[in-house]
Amino acid sequence: MFSGAQISLYPMADDFVGVILSALGALDPYRDRLRIETDDISTLLVGPPEVLFPAMRDLFVAAAQAGKHVTFSAAISRGCPGEPDEAICNTNALADPLEPLAVRQATAHAAVASAAATGQSIAAQFSLYVMGTGQHMDEIYGCIDFLKSSGVFDRSKHFCSVLRGDAGPVFATLAEAFCRFGPPEGHVTIDLTVSANSPTAR
C-alpha cells in the first residue's frame with residue numbers, strides 16, 4: 001500500500017533558507033526508509049507511517065528550535081487507489097480490521113502515552129478524511145472521541161480539530177489518527193497545519 005506526505009515548511013524569518021537547510025539534517029536518520037523528492041512547491045516523503053510521522057516531527061522541531069515563528073503544511077495519504085503499491089511503504093502499523101473501535105482507541109491512547117517529549121511546544125490543526133466507505137462518519141467520530149481524551153486535544157474548529165502540546169505526543173496522536181481509523185486497506189488522508197513560536201495570542 002502506498003503512503004506518504006507532500007510537505008512544506010515555512011519559517012517566518014529573514015534567514016528562512018538557512019532555517020530550512022539547517023533543519024533538513026533531522027531527516028538523515030530516516031533517509032534509508034523514505035523516498036524523498038523535492039521541487040519548487042513541496043517535498044514528497046514516501047514511506048511507512050511509523051517512519052513518516054517521526055520524520056515530519058523531527059524536521060519541524062529542528063526548524064522550530066531556531067525560535068522563529070514557523071509553520072508546516074502536509075497532505076498525508078495512505079491507500080490512494082490512484083497510486084501503485086511501493087515496497088518501501090510496507091508496514092505493520094495499521095489497525096487490524098477485525099478490532100472493535102474501542103480496542104483501536106485504547107491502542108492509540110497507549111501509543112500517545114508512551115510518546116517521548118521533545119521539549120518543543122506546538123499547535124496543530126488537522127482534518128481526517130476516510131474515503132470510500134459507508135461507515136466513514138463512525139470512524140471519524142471514533143477518532144474525535146480518541147482525540148478528546150488524548151491529552152493534547154485543545155478544541156474543535158470548523159472543519160478541523162486543534163491539538164496543542166509537546167511535539168512528541170502531538171505527532172504521536174496524528175500518527176494514531178492516521179493508522180487506527182478507517183479501513184487498513186482503505187484510502188485515508190489528513191490535511192495538517194502545524195505552528196510553533198507564533199506571535200498570535202491564543
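The values are calculated or read from the model by the stated rules, or taken from the named source; none is laboratory data. Note that this is a predicted model, so its numbers are computed, not measured. Here the Cβ positions follow ideal geometry from the backbone for every residue, glycine too, while neighbour counts run over all protein chains shown. These accessible areas exclude ligands, DNA and RNA; they are computed on the full protein's heavy atoms, side chains included. Shrake-Rupley method; radii C 1.70, N 1.55, O 1.52, S 1.80 Å.
At a glance:
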{"read-out": "Solvent accessible area, Å² - Glu37, 1.4 Å probe, full protein context", "value": "90 Å²"}
{"read-out": "Cβ-Cβ FRET estimate between Arg164 and Glu83, R0 fixed at 45 Å, reported to 0.05", "value": "0.90"}
{"read-out": "Chain lengthening between Glu185 and Glu50 when straightened (0.36 nm per residue, less Cα-Cα)", "value": "47.0 nm"}
{"read-out": "DSSP beta bridge pairing in the stretch 1-64, given as percent antiparallel to the nearest 5", "value": "100 percent"}
{"read-out": "For the chain, size of Cβ-based charge dipole, Lys and Arg +1, Asp and Glu -1, in debye", "value": "640 debye"}
{"read-out": "Cα-based Rg / Dmax (Å) for the stretch 26-145", "value": "16.1, 45"}
{"read-out": "For the chain, built as a Gaussian network whose Cα springs stay under 10 Å, the top-fluctuating residue of Ser121, Ser42, Ser77", "value": "Ser42"}
{"read-out": "Whether the chain is rounded, prolate or oblate, judged on the alpha carbon gyration tensor where a/c under 1.5 counts as rounded", "value": "oblate"}
{"read-out": "GNM flexibility winner over the chain from His69, His158, His187 (Cα, springs under 10 Å)", "value": "His158"}
{"read-out": "Accessible surface, the chain, averaged per residue in Å² (probe 1.4 Å)", "value": "48 Å²"}
